[in-house]
Amino acid sequence: MDITVLGTGHMARTLGGGLLRAGHSVLFGSRNPDGAQGLPGPVFGHTEAIARSSVVLSALAAAHSLETLSALRGDLAGRVLIDIGNAVDPQMELIYSDASLGERLQQALPETKVVKTLNTVPGPIGADPTTLSAPTSVFLSGNDPEAKKLVSALLADLGWAPEQQIDLGGIATARAAEHYFLLFAALMGALRSPSFNLAITR
């Protein structure tokens, strides 16, 4: 599958590399494609990069992604947008304390199918969950069942078995997943490492 990753930072490189290893064709979108170096795939401007794929993964800085992606509304129309961001301010407080980035993106991009996932794990674990000592859980939120089915298949390609994936429901449930960031930050401080994840057992 052709996948566009918007962004050229650590998360973009990590998840883009994981999707490439899984056999997908990955390209990157950047505001400054000529200045982007060392990426594992070709780089284009945002508009051209989006035009080349039906699935777009936003690895933009979450605090600013709503503004950036809203300006690309026409380009993103009809596409699946995978939102992995936790929008926090420099003090690491949630920017959307009464909502979520996922919800705001779906409101701003009504013709785009937004799916929230992978925001509860660090990039290296998202790209390869087998780096942990036991199977853990990953979550999905989104209003479009077919879009979630597609994203679920991509997660499986990265190593997230179907039984590890939990569909939380519509995009409104992204609020719960994003607010987990507060617990994640506390756990990271207590464990002195980001290399962990939750496992939901029954």
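Taking segment 105-130 as the range and being of a type in the set (S, T, N, Q) and under 19 Å from GLU178 (Cα atoms) as the test, the residues that pass are GLN106, GLN107, THR117, ASN119, THR120. Only one entry of THR14, THR47, THR4 meets the criterion of being of a type in the set (S, T, N, Q) and assigned to a strand (DSSP E or B), and that entry is THR4. Against the test of being of a type in the set (Gly, Ala, Ser), touching a Leu at 6+ places or on another chain (Cβ under 8 Å) and either at pLDDT below 95 or at negative phi (or both), the options ALA61, ALA22, ALA51 yield a single qualifying residue, ALA22.
Once segment 108-149 is narrowed to residues that are more than 20 Å from GLY74 (Cα to Cα) and of a type in the set (Ser, Thr, Tyr), the residue that is nearest to the chain's Cα centre (by Cα) is THR117.
Given the structure, is ARG175 among the basic types (Lys, Arg), in contact (Cβ under 8 Å) with a residue 40 or more places away in the chain and either touching a strand residue (DSSP E or B) at 6+ places or on another chain (Cβ under 7 Å) or buried (at least 19 other Cβ atoms within 10 Å of the Cβ) (or both)? So ARG175 passes the test.
If only residues of segment 93-107 that are in a loop (DSSP other than H, G, I, E, B) and in contact (Cβ under 8 Å) with a residue 60 or more places away in the chain are counted, the one that is surrounded by the fewest Cβ atoms within 10 Å (Cβ to Cβ) is ALA99. Looking only at segment 131-156, which residues are surrounded by 15 or more Cβ atoms within 10 Å (Cβ to Cβ) and among the acidic types (Asp, Glu)? Across segment 131-156, the qualifying residue is only ASP144.
The values are calculated or read from the model by the stated rules, or taken from the named source; none is laboratory data. Treat the numbers as computed from the prediction; the structure is a model and nothing was measured. Backbone-built Cβ (ideal geometry, glycine too); neighbour counts: all protein chains shown.
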